[in-house]
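Colleague: Encoded as structure tokens, here's the structure I'll be asking about.
Every number here is computed from the coordinates shown, using simple stated rules; none is lab data. Note that the structure is predicted; figures quoted are calculated from it, not measured. Note that we place each Cβ from the backbone using ideal geometry, even for glycine, and neighbour counts take in every protein chain shown.
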Amino acid sequence: MKRLYKGIADFFRFIRPPRRYNLAVLLLSGVFLGLLGVTLHISRATSYLTDDPAACVNCHIMAPQYASWKRGSHGRFTSCNDCHVPQDLVRKYAYKAYDGTRHAFMFTFKLEPPVIQMHAPGQRVVQENCIRCHGDFMETTLAIAGTAHGEGRRCWDCHRDVPHGRVNSLASAPHARVPTPEPVRLPDWLADRLGAEQDAPSSDPRPRAD
């Protein structure tokens, strides 16, 4: 144990800058940590540790997927993580870290494809979760599909509209009204103006039918 402590102490002595640079290193470290904190806050990074589906629309291009899930049958019984993340604890957070870093990199540098599709690791996870939820009701179907179609057949090869539908191009409906997980927050001046208009008497000159 003493050798371990000595090794750690030697490591920190090795990476410690000369004393004349202490102030500069301290200031730069503060700036770096501050920028890191702001980035984590703006990106709502802690939300990805939860199972809240609202975390999936932190990036606006996922809004159609969120809307189709919420309005579909799966929206009543599942969260996004029920399908798209492994369910055992270690694999779950390891996959979240891997896939979240990949998504953040792609979305930050505008590398997302025009049509969003699952990559191979994501397909394996979703297939695993399809069978986890529905396997008890489809043992016979899986056996038939395995002999009729061979290995590598995915559930969504047949169930193409579940749960997100077939339209998944970023350009398919750019102005579609998509439900958001949070209520709309109006500026105070706009809320006051709308309230005043609702309280004002009607100026319609036409007689009202009682």
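Colleague: Please find the FRET efficiency linking Ile42 to Ile116, where r is the Cβ-Cβ separation and R0 is fixed at 22 Å, and quote it to the nearest 0.05. Mind dumping the intermediate values first?
Modeller: On the way: r = 23 Å, r/R0 = 1.03.
The formula returns an efficiency of 0.45 here.
Colleague: Can I ask one more? Mind ordering 117-125, 60-68 by average Cβ neighbours within 10 Å, highest first?
Modeller: Working: 117-125: 12.6, 60-68: 17.9.
Top of the packing list down: 60-68, 117-125.
Colleague: What is the gain in length, in nm to one decimal, between Ala24 and Ala191 on full extension, counting 0.36 nm per residue of separation less the C-alpha to C-alpha distance? Mind showing how you got there, number by number?
Modeller: Values: separation 167, 0.36 × 167 = 60.12 nm, distance 4.78 nm.
Gain on extension, Ala24 to Ala191, equals 55.3 nm.
Colleague: How far is it, in nm, from the label point at Arg153 to the one at Asp10 when both lie 7 Å from their Cα along the line to the Cβ?
Modeller: The answer from the label model is 6.2 nm.
Colleague: Then there's this: Let me see the pair-distance distribution of the range 1-137: every alpha carbon pair, 10 Å bin width, integer percents in order.
Modeller: Taking all Cα pairs of the range 1-137, the binned fractions are 9, 28, 25, 17, 13, 7, 1, 0 percent.
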